[in-house]
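Everything below concerns the one structure shown next.
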Amino acid sequence: MNQERIYKVLLGPHVSEKASLVAESGQVVFRVAPDATKPEIKKAVEQLFNVTVEGVQVLNRKGKLKRTVRGFGKRADIRKAYVKLADGQDIDFLDVE
């Protein structure tokens with residue numbers, strides 16, 4: 001997998017209360033591209049962060065319909081990946097140098 005595709009597959013970490021709860025069990029949550037597959041996500045995380053990935057679960061969240069002054073609008077759909085890391089490995093997003 002080339003470097004350009006890695007940066008297109010992983011859009012960024014997904015920060016939420018649920019994401020911080022699953023982080024205690026060794027999982028990390030990423031927002032991923034709509035066309036990303038599980039093997040692509042696994043390779044991208046392993047190459048970018050130098051960790052070993054045990055498994056990947058993907059979730060598609062449909063955008064909500066919201067009423068506005070001009071009628072109805074729709075929020076964007078989101079695709080998230082729950083990545084299970086090997087025991088003893090961790091990704092720290094706050095460690096910026």
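What the table shows:
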read-out: Residues satisfying the stated conditions in the range 57-85, i.e. part of a loop (DSSP other than H, G, I, E, B) and either touching a residue at least 40 places away in the same chain (Cβ under 8 Å) or under 13 Å from the mean Cα position of the chain (by Cα) (or both); value: Asp77
read-out: Unique residue being among the small types (Gly, Ala, Ser), more than 21 Å from Ile6 (Cβ to Cβ) and more than 14 Å from the chain's Cα centre (by Cα) when the list is Ser20, Ser25; value: Ser25
read-out: Test: residue in the range 48-56 that is surrounded by 13 or more Cβ atoms within 10 Å (Cβ to Cβ), of a type outside the set (Lys, Arg) and under 13 Å from Val9 (Cα atoms); value: yes
read-out: Some residue of the range 42-59 being in contact with a strand residue (DSSP E or B) (Cβ under 8 Å, 6 or more places away or on another chain) and of a type in the set (S, T, N, Q); value: yes
read-out: Residue among Ile41, Ile6 that is at pLDDT 95 or above and surrounded by 11 or more Cβ atoms within 10 Å (Cβ to Cβ); value: Ile41
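The values are calculated or read from the model by the stated rules, or taken from the named source; none is laboratory data. In this text the structure is predicted, and so the values were computed from the model without any measurement. Glycine gets a Cβ as well: all are built from the backbone with ideal geometry, and neighbour counts include every protein chain shown.
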